[in-house]
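Chemist: Sharing a structure below in structure tokens format, with a few things to ask.
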Amino acid sequence: MWEQRYGFPSPRRTASGYRRYAPEDIETLRRARAHRERGLSLGAALERAREIPTTSDHPSIFAAVAATDHGARAQVLRKSTLIALSRAMEHELLARAAAPVLFGAFQRERFYRALEPRWRRMARHADAATVFADFAALRRPSGAPVEVPIAEGEALANEWAVIVDAPGYAACLLAWEQPGAIEPEGPEDLDRRFEAIWTIDPRATRRAAQAAARLAGNVDAAYGRRLEELLADRPLAMEQPAPALTALTNRMLAYVEGVR
């Protein structure tokens, strides 16, 4: 039915007449299902899913996960809530010392500098740690995350990310702010709204980490390859123990309540 009405998927025929689909078709269908769950019509979902490339010069980490079936719906959150959730994930990582591949996206350098001491501590426990912001240049400070610059026109310039891909522990918080949004100063800054996804699904977390590694590779190809190799050799955290998930959830609830 979809082939006749929408021209997709388009399988090749075997000699015996059976349809054979490519792995890329399956990924596109998964993206289409995710878009359907977000309210798009079937035709619009298929069109959107087919538009998303597998690679990009300036990939969006948020889109890499939002366009897949990860079991978490995007929701609009205040910046103050994102800060609380991020801090809970970061503190849980410090408590677990889980040797992650770690990524953070901060939009502005000044936002990262305010949290740099904590991220330096996390970097000491990490197999690799990378942060993105509007840095002036690529830097590799000793005992700290690699600082990867992003340009104003890149998708990541409007995104927020904390990604933890570790053995037995996977979590990511991704958020997107409309481009061109006004950035107020003072207390009003905490009321800025972001479309956000939080998930502990290991496949979604891995997809986010891979997108971040590709983005780092756009700036430093050798470093990007190293990150992708680390992720390729790392088993998915498919059996996260319930106590660990409960601890992270309780910490998040406590920190969000503290913000209120």
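The values are calculated or read from the model by the stated rules, or taken from the named source; none is laboratory data. Only a predicted model underlies this, so the values are computations on that prediction, with no experimental measurement involved. All Cβ positions, even for glycine, are placed from backbone atoms using ideal geometry, and neighbour counts span all protein chains on display. Only protein heavy atoms, including side chains, enter the accessible area calculation; ligands, DNA and RNA are left aside. Shrake-Rupley method; radii C 1.70, N 1.55, O 1.52, S 1.80 Å.
Chemist: If you check every pair at least six apart or on different chains, which have Cβ atoms under 8 Å apart with a residue in segment 219-233 that is in contact (Cβ under 8 Å) with a residue 60 or more places away in the chain first and a residue that is basic (Lys, Arg) second?
Modeler: Leu231/Arg206
Chemist: Right, another one. With respect to Ala105, is the statement that it is buried (at least 18 other Cβ atoms within 10 Å of the Cβ), aliphatic (A, V, I, L, M) and touching a residue at least 60 places away in the same chain (Cβ under 8 Å) true? It would help to see each step written out before you state the result.
Modeler: On the way: buried (at least 18 other Cβ atoms within 10 Å of the Cβ): yes; aliphatic (A, V, I, L, M): yes; touching a residue at least 60 places away in the same chain (Cβ under 8 Å): yes.
Criteria met by Ala105.
Chemist: Right, here's the next one. Do we have any residue at all in segment 172-194 that's of a type in the set (Asp, Glu), under 18 Å from the mean Cα position of the chain (by Cα) and assigned to a strand (DSSP E or B)? If you could, list the steps in order and put the result at the bottom.
Modeler: Here is the first cut: in segment 172-194, the residues of a type in the set (Asp, Glu) are 177, 183, 185, 188-189, 191.
Remaining after also requiring under 18 Å from the mean Cα position of the chain (by Cα): 177.
Next, from what is left, pick out any that are assigned to a strand (DSSP E or B): none.
Within segment 172-194 (the criterion being of a type in the set (Asp, Glu), under 18 Å from the mean Cα position of the chain (by Cα) and assigned to a strand (DSSP E or B)), the answer is no, since none of the residues qualifies.
Chemist: Of the residues Ala204, Ala161, Ala216, which single one is under 18 Å from the mean Cα position of the chain (by Cα), part of a helix (DSSP H, G or I) and at pLDDT 90 or above? Outline the logic, then answer.
Modeler: On the way: Ala204 fails: at pLDDT 90 or above; Ala161 fails: part of a helix (DSSP H, G or I).
Going through Ala204, Ala161, Ala216 in turn, just one is under 18 Å from the mean Cα position of the chain (by Cα), part of a helix (DSSP H, G or I) and at pLDDT 90 or above: Ala216.
Chemist: With respect to Ala99, determine if the residue is over 14 Å from Ala208 (Cβ atoms) and open to solvent by 40 Å² or more (accessible area, probe 1.4 Å).
Modeler: Numbers: over 14 Å from Ala208 (Cβ atoms): yes; open to solvent by 40 Å² or more (accessible area, probe 1.4 Å): no.
Criteria not met by Ala99.
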